[in-house]
1. Could you tell me which residue of region A:35-59 is most open to solvent (accessible area, probe 1.4 Å), considering only residues that are more than 20 Å from A:VAL81 (Cα to Cα) and more than 10 Å from DNA strand D (Cβ to nearest atom)?
2. Look at A:GLU133 and say whether it is more than 9 Å from DNA strand C (Cβ to nearest atom) and free of Cβ contacts under 8 Å to residues at least 60 places away in the same chain.
3. Open to solvent by 60 Å² or more (accessible area, probe 1.4 Å), at pLDDT 95 or above and farther than 20 Å from A:THR313 by Cβ: is that true of A:ARG223 in this structure?
4. In region B:183-205, what residues are of a type in the set (A, V, I, L, M), buried (at least 21 other Cβ atoms within 10 Å of the Cβ) and either farther than 15 Å from B:ALA330 by Cβ or within 14 Å of another protein chain (Cβ to nearest Cβ) (or both)?
5. Output the residues belonging to region A:66-88 that are part of a loop (DSSP other than H, G, I, E, B) and open to solvent by 60 Å² or more (accessible area, probe 1.4 Å).
6. Would you check which residues across region A:111-135 are part of a strand (DSSP E or B) and under 17 Å from A:ARG89 (Cα atoms) and list them?
7. For region B:165-182, enumerate the residues that are open to solvent by 10 Å² or more (accessible area, probe 1.4 Å), touching a Leu at 6+ places or on another chain (Cβ under 9 Å) and among the hydrophobic types (A, V, I, L, M, F, W, C).
8. Which pairs turn up if I take residues in region B:342-356 that are within 30 Å of B:ALA309 (Cα to Cα) and look for partners that are open to solvent by 80 Å² or more (accessible area, probe 1.4 Å) with beta carbon separation below 7 Å, at least 6 apart in sequence or on another chain?
There are 2 protein chains.
Amino acid sequence: MPDPTARRAPDPSTRDPSSHDPGTHDPGSREHVTLADVAARAGVSPMTVSRVVNERPGVGDATRARVRDAVAALGYRPNVVARSLKRSRSHTLGLLVPDVTNPYFPDLVRGAEDVAFEAGYTLLLHNVIEDAEREAAALALFEERRVDGVIAASPRLPEDRLHAHLARHGAAVVVNRRAPAALAGSVRVDHEAGAEAALHHLVRGGARTLGLLAGPATSHAGRERRHGVARALDATGATLPDTRIVEGPPTIPGGEAAARDLLTRHPDVDGLVCFNDLVAAGALRAAAALGRRVPDDIAVVGYDDIAFAAMFTPALTTLRVPTYAMGGHAMRMLLDRMDGRRRDVGIVVQPELVIRDSTRPEEDRA
Amino acid sequence: MPDPTARRAPDPSTRDPSSHDPGTHDPGSREHVTLADVAARAGVSPMTVSRVVNERPGVGDATRARVRDAVAALGYRPNVVARSLKRSRSHTLGLLVPDVTNPYFPDLVRGAEDVAFEAGYTLLLHNVIEDAEREAAALALFEERRVDGVIAASPRLPEDRLHAHLARHGAAVVVNRRAPAALAGSVRVDHEAGAEAALHHLVRGGARTLGLLAGPATSHAGRERRHGVARALDATGATLPDTRIVEGPPTIPGGEAAARDLLTRHPDVDGLVCFNDLVAAGALRAAAALGRRVPDDIAVVGYDDIAFAAMFTPALTTLRVPTYAMGGHAMRMLLDRMDGRRRDVGIVVQPELVIRDSTRPEEDRA
DNA sequence: CCGGAAGACGTTAGCGTTACCGTTCCGACA
DNA sequence: TGTCGGAACGGTAACGCTAACGTCTTCCGG
């Protein structure tokens, strides 16, 4: 937490007078042109200028032109802060994301932003680095800034705290998590089905001694995938005891460390289900470092199908998730909810298994 | 542009009465608690509440405690919009970025955000997808929202237009571009030196017939790298005529298309300098598709050293750029400029050549 | 020629907060 | 006892904008 008393605005009346440069006046603290300035210049009332600026009716053509000229001449830009206060709508949306450094999220951000931009909204972005406290802080900040709505991607907060925050927002959508329809819409991937598909594919390729790099314990998506894995396990002859499940950060180093740990403790593991493609990338590295050949000694499945998955060595088998589209869906759902239309309580998208070179082909006899 | 008249706020007085759930009151359109509400509850004036909320002196301990209780009881959150209007400082910063989908930028964003968060600022993010018009629109939007400062990463706008926009902001920093110190600070990479290093490395590895995948024509970084290449060329026996320079989008498909084009027109090219690692990744793909072995038939150098560069096949030789640190530098510089301290007019960081497997080792006799 | 409707504009009053200046009150000190 | 400094508060007026309503034209049918 930054100390709010530590940083104070410099007193404008005591600015260093030695730094005045002649010619143009101090570019640091521009005075902003206001509606009233424009009104004075155009010889009309501020209200008329407001009408012109907001393209509302009730202004004659001649006056409208005069106002437009004045706006251009003075370089007037409406003050959205004042407008927001008056209308009590900020035209700003909050977007909470664990970490844009994970290539899964930029696509989501872009999908959301493209739709928001189209609708005339601006985004406040917060990376929350897998930290529940920072997540709560971000949600509170969004509220103080009076955003018109929030999208929380993969929130890690426990149910009660998350719900409390969501309830304080006019509209909300969560991604990769469920939420009561009254509080928030939901866009999520059928992670259980995805994990099941991954596991079946591994087993059909001949893997019997499986391992799971489960990602962060706080991840809901991770939990759902574990359920999927457990469910699929029953139908196969493969084994995956808890000792071969290892958690860790959803990053390349995290995956590398987890895989190294698992593979030294259980050298006989021949199939690896990974939390996401980054963890899988780390696993690939660890396998290489430990001298295991992929997929011959050990098969690896990732999750997300980030753009780079195809560039790995070997090219990664993974589950494709339509991330960009999900961002768009989430944003459209949010806009709908802001309008009071809150029909779609949830969207569930199906991941698609993309088979590349990090797993063995499925055996016919299976 | 979205039609501003198309979207109207729902009339709260005509809310659907069938959706009232007993117990908690309607979570969709919360009424916000104001300072005055707290003041009434605590039996003091709004001004006193303001003092408590802002941790200013002039309030007795007993009163302070009473106010704090009222704040907690009512769940009061200050309205930052109103505060911004009054103080004419929004505590919001604008961050303009070409495309977070390019892994170069998330690190920059994170570096900037971490510093901003520490200082109590929130970020407005705009992806501008290599489009000068969207860039101008974003800068204008930032201005309307009265951000306290702007960071423009890799802006594509021509000088005059960029300067005009920067001048309208109280404080600004540009990344990967120069700017007059009066208008903006600057954090950039010595791209000339980087390109030179790349070229020398290729030549020392035996490459003689070089090609350049130059990225977008509008990129300043790209232009500087071209200068570096040209300068280095003089000192070597290698050749790189304009016909072997091909431009294109800074993405994997863009690089693949460019490389395919170049390699079919000039099958004898044996060394490739790429705009960034994404373009290099595309080139790697194209080379594989065309049956060229890397690095034996053709050596490839990327730029940026994104996290995945080491995972490519072959692992990519590239120039490491300290992206996260640059984001932090840019933000600190911005905060300094906002405070009126604008000493550091520019930071130039040196890229570092990271030699991996996509280039041949340097020959001793060179 | 008049009533009246419609369009074109101005006036007023805040939105929630804080800067600035007053007021009150209490204790210290001559 | 007087008064004087300071701490602890309250009152007032904006910040820039716009909803709501008022006023003044203009113009048309009857």
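1. A:ARG41
2. Numbers: more than 9 Å from DNA strand C (Cβ to nearest atom): yes; free of Cβ contacts under 8 Å to residues at least 60 places away in the same chain: yes.
It is true that A:GLU133 is more than 9 Å from DNA strand C (Cβ to nearest atom) and free of Cβ contacts under 8 Å to residues at least 60 places away in the same chain.
3. Working: open to solvent by 60 Å² or more (accessible area, probe 1.4 Å): yes; at pLDDT 95 or above: no; farther than 20 Å from A:THR313 by Cβ: yes.
Considered against the rule, which asks whether it is open to solvent by 60 Å² or more (accessible area, probe 1.4 Å), at pLDDT 95 or above and farther than 20 Å from A:THR313 by Cβ, A:ARG223 comes out as no.
4. Step one: filter region B:183-205 for residues of a type in the set (A, V, I, L, M), giving B:183-184, B:187, B:189, B:193, B:195, B:197-199, B:202-203.
Now drop any that are not buried (at least 21 other Cβ atoms within 10 Å of the Cβ), which leaves B:184, B:187, B:189, B:195, B:198-199, B:202-203.
Those that are of a type in the set (A, V, I, L, M), buried (at least 21 other Cβ atoms within 10 Å of the Cβ) and either farther than 15 Å from B:ALA330 by Cβ or within 14 Å of another protein chain (Cβ to nearest Cβ) (or both): B:ALA184, B:ALA195, B:ALA198, B:LEU199, B:LEU202, B:VAL203.
5. Narrowing region A:66-88 to residues part of a loop (DSSP other than H, G, I, E, B): A:75-79, A:88.
Of everything in region A:66-88, those that are part of a loop (DSSP other than H, G, I, E, B) and open to solvent by 60 Å² or more (accessible area, probe 1.4 Å) turn out to be A:ARG77, A:SER88.
6. First, pick out the residues of region A:111-135 that are part of a strand (DSSP E or B): A:122-127.
Correct list: A:THR122, A:LEU123, A:LEU124.
7. B:ALA167, B:ALA179
8. B:PRO351/B:ARG320; B:GLU352/B:ARG320; B:VAL354/B:ARG320
The values are calculated or read from the model by the stated rules, or taken from the named source; none is laboratory data. Keep in mind that this is a model prediction, so the values were computed, not measured. Note: ideal-geometry Cβ built from the backbone for every residue, glycine included; neighbour counts use all protein chains shown. The accessibility values were calculated without ligands, DNA or RNA, using every heavy atom of the protein model including side chains. Shrake-Rupley method; radii C 1.70, N 1.55, O 1.52, S 1.80 Å.
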